[in-house]
Amino acid sequence: MARASQPVNLGFVAKPGTPANMGKMPMRRLGHIASGSAAGSLHRCTRLSHRYHTGMRCFIAIELPQAVHDRIGRLQEQLRSRIRGVGWSRTEQIHLTLKFLGEVPDTHLPRVIDAASAVAGRFAPMDLTVAGTGCFPPHGAARVLWVGVAPPPPELTGCAEACEQAMAALGFPPENRPYHPHLTLGRVKGFDAGRQARAAIEQVAHFNAGAFTATELVLFQSVLQRTGPIYTPMARLPLGG
Ligand code: 2AM
């Protein structure tokens, strides 16, 4: 996946001695953001940010239904027995990212939610088929193993581009690579494992986890931990308004 080459700089300055990651902030303080309307929570959020000067690492994604997770879990099990040296994504956390934001200051969170909500409202629910497998980079030793969306419908790409533009308007740097919808199965550690992984992933290119209708975008918080990232939904943004 394309990576933002620069950290987001929106004029956010962490207060000395305060954690720069809102993941360490008690969740009850974030409750209104997750459940309330974005516009309604702006004032309260701004007040909070004056107190904490914190932010959170965020991305916009589509969640997968349980049946798709279950089939992806079985694929991971199958691959796990064939490839060593892969850090496997937690199955239940696998998602389809539309836009990675990086660090979002508290003060910007309501604006991010409003902008993402407006984008979601412009797109109808979309039928997605989770199928096909591949690796990043496309040649040589694999570093990221993924399951694809086949074929990616134009609405999905359009929605990702609209998220990109809406977030760029808020000051987030745009991705410099084309959007490639994928669900990360795992990350490969080491060159030999990368070659072995590519061969194994090619053998399951026919994989199909089924179709579902996406009805919302989700703004996730990502907290990086030694045991792997923890993703928490912060706002649910219905497609089609
Ligand atoms: P990936 O699985 O291909 O790494 C949370 O990290 C989500 O945002 C993941 O789906 C991840 O995609 C995606 N993402 C995109 N750009 C990222 C970046 N620069 N850093 C971390 N995650 C990124």
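The values are calculated or read from the model by the stated rules, or taken from the named source; none is laboratory data. This one's a predicted model, so the numbers in the text were calculated from it and none came from an experiment. Every residue, glycine among them, receives a Cβ derived from its backbone with ideal geometry; neighbour counts consider all protein chains shown.
Looking at the stretch 93-201, the strands (runs of 3 or more DSSP E) lying wholly inside it that each contain 1 or more residues that are away from the ligand (no atom under 14 Å from the Cβ) sit at 96-105, 126-136. Filtering Glu175, Glu161, Glu216 for residues that are touching a residue at least 12 places away in the same chain (Cβ under 8 Å) and in contact with a strand residue (DSSP E or B) (Cβ under 6 Å, 6 or more places away or on another chain) leaves a single hit, Glu216. Here Gly140 clears all of (1) out of contact with any helix residue (DSSP H, G or I) (no Cβ under 7 Å at 6 or more places or on another chain); (2) under 12 Å from Leu98 (Cβ atoms) except the condition numbered (2). Cβ separations smaller than 9 Å between residues 6+ apart or across chains give the following pairs from the stretch 80-107 residues that are touching a residue at least 40 places away in the same chain (Cβ under 8 Å) and farther than 19 Å from Phe59 by Cβ to residues that are away from the ligand (no atom under 13 Å from the Cβ) and of a type in the set (Lys, Arg): Gly85/Lys189; Val86/Arg80; Val86/Lys189; Trp88/Arg80. With respect to the conditions (1) at pLDDT 95 or above; (2) not in a loop (DSSP other than H, G, I, E, B), His50 falls short on a single one, namely (1). Can you find, within the stretch 80-92, the residue that is nearest to Ala214 (Cα to Cα) among those that are assigned to a helix (DSSP H, G or I) and within 16 Å of the ligand (Cβ to nearest atom)? Looking at residues that are assigned to a helix (DSSP H, G or I) and within 16 Å of the ligand (Cβ to nearest atom), I get Glu92.
For the condition surrounded by fewer than 15 Cβ atoms within 10 Å (Cβ to Cβ), at pLDDT below 95 and of a type in the set (Ser, Thr, Tyr), what is the one hit in Thr227, Thr213? I'd like the intermediate steps shown before the answer.
Values: Thr213 fails: at pLDDT below 95.
The unique qualifying residue is Thr227.
Inspect all residues belonging to the stretch 122-138 and state whether any of them is free of Cβ contacts under 8 Å to residues at least 24 places away in the same chain and closer than 30 Å to Arg80 by Cβ.
Going residue by residue through the stretch 122-138, those that are free of Cβ contacts under 8 Å to residues at least 24 places away in the same chain are 137-138.
Restricting the remaining residues to those that are closer than 30 Å to Arg80 by Cβ gives 137-138.
Yes: the stretch 122-138 contains one or more residues that are free of Cβ contacts under 8 Å to residues at least 24 places away in the same chain and closer than 30 Å to Arg80 by Cβ.
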